[in-house]
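Visitor: Mind looking over this structure? Questions follow.
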Amino acid sequence: MRILIAEDDPVSRRILEAKLVKWGYDVVIAREGNEAWQALQADDSPRLAILDWMMPDVDGVELCRRVRKGMKDFYTYIILLTALQRDEDIVTGMEAGADDYITKPFKSSELKVRLRAGRRIIELQNELIEARETLREQATHDPLTGLWNHEEILRILERELSRAEREGGYVSAIMADLDHFKRVNDTYGHMAGDGVLRVTARRMLSLIRNYDSVGRYGGEEFLIVLPGCNGDHAAALGERLRECIGRDNMDIPEGMIAVTISLGVATGRKERKCDVNSLVRAADLALYRAKKNGRNRVEVASEEEISE
Ligand code: GH3
Ligand code: MG
């Protein structure tokens, strides 16, 4: 674990550094307060810090205050190092946001256990962050394909439409639905159907730009959101998606399965105010037309279908 030492006195600094290195810490050194502040502001700043109370320019207590005021995703555990022993000084340090303090000259065994307490706090916080990330992932993604889920892809579309209204420009939506997917399940089983959905998702992701988004809208239906993409480009991408899904059989454990997809494209732009519902409905109408006109094809929503 990385640890910051901020100490202006070279002798104390060297003693401290030697001990921490011996205990297996990866030590970052600051010789004065400003240097420590730089290190604490970095994106990958150490999570543990031992700050000398008395330093020229910025002292340890001021550093504590600054760290606690700044918004960071993770917590920095701070131990103040002080020669002061009066009760009110200690209160000042703790009120400024220090987690613990140690008085000079310190016993190594004491410093060691106090650091262990700090590490425990940091590890607990890491677990919390991880749990929160897992929950966030679960709340926004489809577990089968890893794509955005229904709610999230609609939120993304909503956000992009508001942005387009503010800044101008286009937003396109493509609704895509696998053709005769029921037959895949009926012929090869539900697991094979799941495999086909996964391969479909992967092929779609391989074609889009990284600011485009793909969501699993429903069972075998996908919604693709294309910010800044006009109707012609969206239709061309729809065609590439169609080609990429249908070109090669999908290689899954149950067999080599031939699949095709139908797509409906709708484009919104600033001058023609349109909301999520009307754009999705228009893409859906175009998709329905693609199914009716023989499947394995792309249809584009008309102006009327979008503004209806
Ligand atoms: P069309 O070309 O008109 O879209 O025909 P289709 O067979 O694709 O459409 P239909 O709506 O008749 O059937 C969709 C099938 O998708 C039925 C349902 O069991 C299946 N399905 C939905 N979600 C999943 C899933 O998560 N896994 C699997 N394996 N199948 C699913
Ligand atoms: Mg279908």
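Visitor: Quick check on my filter: what residues within region 257-308 are within 12 Å of ligand 1 (Cβ to nearest atom), in a strand (DSSP E or B) and over 32 Å from the mean Cα position of the chain (by Cα)?
Guide: Correct list: Ile257 only.
Visitor: Would you check if Arg216 is within 14 Å of ligand 1 (Cβ to nearest atom), open to solvent by 20 Å² or more (accessible area, probe 1.4 Å) and either among the small types (Gly, Ala, Ser) or part of a helix (DSSP H, G or I) (or both)? If you could, list the steps in order and put the result at the bottom.
Guide: Numbers: within 14 Å of ligand 1 (Cβ to nearest atom): yes; open to solvent by 20 Å² or more (accessible area, probe 1.4 Å): yes; either among the small types (Gly, Ala, Ser) or part of a helix (DSSP H, G or I) (or both): no.
Here the answer is no, as Arg216 does not meet what is asked.
Visitor: Here's another thing I want to ask about it. Taking Ser206 as meeting all but one of (1) assigned to a loop (DSSP other than H, G, I, E, B); (2) away from ligand 2 (no atom under 16 Å from the Cβ), write down the number of the exception.
Guide: Of (1) assigned to a loop (DSSP other than H, G, I, E, B); (2) away from ligand 2 (no atom under 16 Å from the Cβ), only one is false for Ser206: (1).
Visitor: Going by the conditions given, is Glu88 open to solvent by 90 Å² or more (accessible area, probe 1.4 Å), among the acidic types (Asp, Glu) and under 30 Å from the mean Cα position of the chain (by Cα)?
Guide: For Glu88, the condition - open to solvent by 90 Å² or more (accessible area, probe 1.4 Å), among the acidic types (Asp, Glu) and under 30 Å from the mean Cα position of the chain (by Cα) - is not met.
Visitor: Sticking with this one: List the number of the failed condition for Ala96; all other conditions in (1) surrounded by 18 or more Cβ atoms within 10 Å (Cβ to Cβ); (2) under 22 Å from Leu16 (Cα atoms) hold.
Guide: (2)
Visitor: Considering each residue of region 19-42, count those that are part of a helix (DSSP H, G or I), open to solvent by less than 60 Å² (accessible area, probe 1.4 Å) and not charged (D, E, K, R), and give that number.
Guide: Final tally of qualifying residues: 6.
Visitor: From the list Ser12, Ser45, which one is part of a loop (DSSP other than H, G, I, E, B), open to solvent by less than 50 Å² (accessible area, probe 1.4 Å) and modelled with pLDDT under 95? Before you say what the answer is, go through the steps one by one.
Guide: Details: Ser12 fails: part of a loop (DSSP other than H, G, I, E, B).
After ruling out the rest, the residue left standing is Ser45.
Visitor: Tell me which residues, restricted to region 151-179, are within 13 Å of ligand 1 (Cβ to nearest atom) and either surrounded by fewer than 15 Cβ atoms within 10 Å (Cβ to Cβ) or charged (D, E, K, R) (or both). Give the derivation first.
Guide: Let us first name the residues in region 151-179 that are within 13 Å of ligand 1 (Cβ to nearest atom), namely 175-179.
Within region 151-179, Asp177, Asp179 qualify.
The values are calculated or read from the model by the stated rules, or taken from the named source; none is laboratory data. For clarity, every value in this text was computed on a predicted model and none was experimentally measured. Please note: Cβ atoms are built from the backbone with ideal geometry, for glycine as well, and neighbour counts cover all protein chains shown. In case anyone asks, the SASA skips ligands and DNA or RNA and just uses the protein heavy atoms, side chains included. Shrake-Rupley method; radii C 1.70, N 1.55, O 1.52, S 1.80 Å.
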